Amino acid sequence: MCGGRGTRFDAPVEKPLFPVAGRPMIEHVHTALADSDVDTVYAAPSPQTPETRAFLESRSVRCIETPGNGYVADLNAARSQVSDPVLTAAADLPLLAPELVGQVLSNHDGGSLSLAVPRALKEVLGVSYDRSFDHEGQTVVPAGINIVADDGKEATHVSYDARLAVNVNRREDAAVAGTLLPTSEENGGNSEQGDRP
């Protein structure tokens, strides 16, 4: 999901294109998904993110256009073009890794699955959050990665992995993410995956 306005994120570029550790956030997320056991990866930009769409298309990433009317409207538009279940990941999860996607998939037992992290973990890391909720006596925050299906069954899985606690919603969050990821220069100037996002 990469079609939001990013109103909380003050940057000279669209939020999905903001660099973390030398690469646009959307590239980190796409690479994690492409290198995971997910069958097919699509990006879901909107009219709010034309530069992101151009970036993705320049790298031959399959895109599903969404209206840019908010997360739920964009998710519904994207889901109307693919079959359930659908794993969704926000473009602001630069620490997402294939093994984390695998953990989400292994916790899926049909229906919809929401991933959350403890609010206390986000507070220890010093990253922002806007919404929290109680899950089995623990205050948790949505992690930005879900499996969505229409069969009525819903579950929440709580992860304690710090990489899933860093959603980049503000510039300060990007700084935290940058300290937790090696830069592309530290990786020899390019990613293991070459020039693909």
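Laboratory data are not the source of any read-out in this text; all were calculated from the coordinates shown. As the structure is a computational prediction, the values presented were derived from the model and not from experiment. Heads up, the Cβs are rebuilt from the backbone with ideal geometry, glycines too, and the neighbour counts pull from every protein chain shown.
Between E99 and R59, the contour length at 0.36 nm per residue exceeds the alpha carbon distance by 12.1 nm.
The Cα atoms of segment 115-177 give a gyration tensor whose axes a ≥ b ≥ c have a/c of 1.5 or more with a/b greater than b/c, which makes the shape prolate. PRE reach from E136 (point 7 Å along Cα→Cβ): which of segment 71-112 fall under 15 Å by backbone N? Output list for this probe position: 107-109.
How do 160-167, 47-54 rank on mean C-beta neighbours within 10 Å, highest first? The partial results should precede the final answer.
Details: 160-167: 20.5, 47-54: 17.8.
Most protected by this proxy first, the peptides run 160-167, 47-54.
The peptide list 120-133, 80-93, put in order of mean Cβ contacts within 10 Å with the highest first, becomes 80-93, 120-133. Taken along the Cα-to-beta-carbon direction at a fixed 7 Å, the label points for D37 and E123 span 3.5 nm.
Give me the extension gain from E172 to K153: residue separation times 0.36 nm, minus the current Cα-Cα distance, reported in nm with one decimal.
On the way: separation 19, 0.36 × 19 = 6.84 nm, distance 3.62 nm.
Fully extending the segment from E172 to K153 adds 3.2 nm.
Calculated mean residue ellipticity at 222 nm for the chain: -8000 deg cm²/dmol, from DSSP H runs with n ≥ 4 weighted as -39500 (n - 2.57), summed, divided by the residue count and rounded to 500.
Quote the FRET efficiency, to the nearest 0.05, computed for E51 versus A73 with a Förster distance R0 of 22 Å and r equal to the Cβ-Cβ distance. Please list the in-between numbers first.
Values: r = 21 Å, r/R0 = 0.95.
Efficiency, from the Cβ-Cβ distance: 0.60.
Run the dipole for segment 61-132 about the Cα centre, Lys and Arg Cβ at +1, Asp and Glu Cβ at -1, nothing else charged, and hand back the magnitude in debye, nearest 20. Spell out each step's value before the answer.
Working: 5 positive and 8 negative charges, 15 e Å.
Once rounded to the nearest 20, the dipole reads 60 debye.
When a/c reaches 1.5 or more, the comparison of a/b and b/c decides; with that in mind, is segment 37-76 rounded, prolate or oblate per its Cα gyration tensor? The shape class here is oblate.
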